[in-house]
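J.: Got a structure here, written out as structure tokens. Questions coming.
The values are calculated or read from the model by the stated rules, or taken from the named source; none is laboratory data. Note that this is a predicted model, so its numbers are computed, not measured. Here the Cβ is made from the backbone with ideal geometry for all residues, glycine too, and neighbour counts use every protein chain on show. SASA here: full protein model, heavy atoms, side chains in, ligands and nucleic acids out. Shrake-Rupley method; radii C 1.70, N 1.55, O 1.52, S 1.80 Å.
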Amino acid sequence: MKAKNTLTISVLSGKGGVGKTNIALNLGYCMYRGDFPVMLMDCDLGLANLDVLLGVTPDANMQSLLDTDTPASEVAFPIEPDGFDFLPAASGVPELVEMDSDLRNLLFQRLNPLFTNYDYLLMDLGAGITPTVLAFAAMTRIRIVVVTPEPTSLTDSYALMKVLSTQHNVKDFYVIVNQAEDKAEETSTYNRLATACERFLGFTPEFLGGIAQDKMVPESVRKQTPLMKHAPNSQAAKDIFSIAVKLQKIKKTMLDDISKSMFTESMSDISN
């Protein structure tokens, strides 16, 4: 398989419970159905949950890369044949939750040759502002912050972007508003966050899209099946598809930069 211009995308949130992992999974499924090879990386390294969402039990995970000589290709687990894989994280392993820079460097040294086989690397990060989350978010080309209309989601997402801005000089973000009751609430939620960022941080995150509150979403989670596969005609699925189309258009504008390096900076350039 020839090397690809791999677009690295981190999906993150200020707090848990906003649907971040489900969105990352279904965005990946959209790209795969568009004939773009996708790697979905569970970056909630000590509290794995993508395998639960998919109802699978991989034989190996990212801890295997650090503790054994297991090749990265054997850790990659196929979600769908020929082009949609995921890298499982470990569960209940505290040392993986807060990886130091040396351990992060080792992990990506093992993984980078594998990543070049994919058009998209989607990194599903843990919630909050831990050093590992910040380091992973800072290295990706695109950062998608998932928020809901809840005030706590907005304040925590603002804090996340503030820390990335002040500590890593990251000022470009895309926002997805999830679980809004209607378009008016969706717009209002984004505007409140964007206004705060513009006023106090000096930048305005870009609105990537909203995903409607949809009963098919929790149903697909219970069935451990991606929404795009379980209910592709649901409103939430249509919204996710629209966002995936936007991401593909964004990638086309970034091809020159991506061809130089899939990441914005090396892990060794990112401090703890």
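J.: Enumerate the lysines that residue 260 could reach by cross-link, defined here as Cα to Cα under 26 Å, with residues fewer than 8 away along the same chain left out.
T.: By straight Cα distance, residue 260 reaches 2, 4, 171, 246, 249, 251, 252.
J.: State in Å² the accessible area per residue of the chain; use a 1.4 Å probe, count heavy atoms of protein chains only, and round to the nearest integer.
T.: 44
J.: What does the C-alpha gyration tensor say about the overall shape of the stretch 115-272? Classify as rounded when a/c is under 1.5, otherwise prolate if a/b is larger than b/c, or oblate.
T.: oblate
J.: Oh, and also: Can you tell me the order of 244-253, 8-17 when each peptide is scored by its average per-residue count of other Cβ atoms within 10 angstrom, highest first?
T.: Result, highest mean first: 8-17, 244-253.
J.: Now for a different question. Any idea of residue 107's accessible area? Nearest 10 Å², probe 1.4 Å.
T.: 0
J.: Same structure again: When the dipole is taken about the Cα centre of the chain, and only Lys, Arg (+1) and Asp, Glu (-1) are charged at their Cβ, what size is it in debye, to the nearest 20?
T.: I would put it at about 820 debye.
J.: Using label points projected 7 Å from each Cα along Cα→Cβ, tell me how many nm separate residue 116 and residue 152, to one decimal.
T.: Using points 7 Å along Cα→Cβ, the separation is 4.5 nm.
J.: Calculate what fraction, in whole %, of the accessible area of the chain sits on carbon and sulfur atoms when a 1.4 Å probe is rolled over the protein chains.
T.: 49
J.: According to a simple spin-label model (label point 7 Å from Cα along Cα-to-Cβ), what is the distance in nm between residue 171 and residue 229?
T.: Each label point is offset 7 Å from its Cα along the Cβ direction, giving 4.2 nm.
J.: Share of antiparallel DSSP beta bridges in the chain, in percent to the nearest 5?
T.: 10
J.: Now, a different point. List the lysines whose Cα lies under 17 Å from the Cα of residue 15, skipping any in the same chain that are fewer than 8 positions away.
T.: Straight-line reach from residue 15, under 17 Å: 162.
J.: Among the DSSP beta bridges whose two residues both lie in the stretch 22-105, what percent are antiparallel, rounded to the nearest 5?
T.: Restricted to the stretch 22-105, the bridges split so that about 50 percent are antiparallel.
J.: Starting from the Cα of residue 183, draw a straight line to each of the aspartates and glutamates and keep only those under 18 Å, dropping any in the same chain fewer than 8 residues away.
T.: 150, 206, 214, 239
J.: Dipole of the chain (Lys/Arg Cβ +1, Asp/Glu Cβ -1, origin at the Cα centre): which of 255, 5, 86 lies farthest to the positive side?
T.: Value: 255.
J.: Using helices alone, what [θ] at 222 nm do you get for the chain, with -39,500 (n - 2.57) per DSSP H run of 4 or more residues, divided over all residues and rounded to the nearest 500?
T.: Calculated at 222 nm, the ellipticity per residue is -14000 deg cm²/dmol.
J.: Ok, one more. Put +1 on the Cβ of every Lys and Arg and -1 on every Asp and Glu Cβ in the stretch 103-244; which of 139, 201, 234 then has its Cα farthest towards the positive end of the dipole?
T.: Of the options given, the answer is 139.
J.: If R0 is 25 Å, what FRET efficiency do you get for residue 57 and residue 100 from their C-beta distance, rounded to 0.05?
T.: After rounding, the FRET efficiency stands at 0.30.
J.: Considering the chain, what Rg and Dmax in Å follow from its alpha-carbon atoms?
T.: Calculated on Cα positions, Rg and Dmax stand at 17.4, 52 Å.
J.: Tally Lys and Arg at +1 and Asp and Glu at -1 over the other residues with C-beta under 15 Å from the C-beta of residue 198: what net charge comes out?
T.: The answer is +2.
J.: What is the dipole size for the stretch 62-164, taken about its Cα centre, with +1 at each Lys and Arg Cβ and -1 at each Asp and Glu Cβ, in debye to the nearest 20?
T.: Rounded to the nearest 20 debye, it is 460 debye.
J.: Averaging sequence separations of C-alpha pairs under 8 Å and six or more residues apart, then dividing by the length of the stretch 1-157, give the relative contact order as a whole percent.
T.: Answer for the stretch 1-157 is 44 percent.
J.: Just need the relative contact order of the chain here, percent rounded to a whole number, with Cα pairs under 8 Å and 6+ apart.
T.: It comes to 27 percent, rounded to a whole number.
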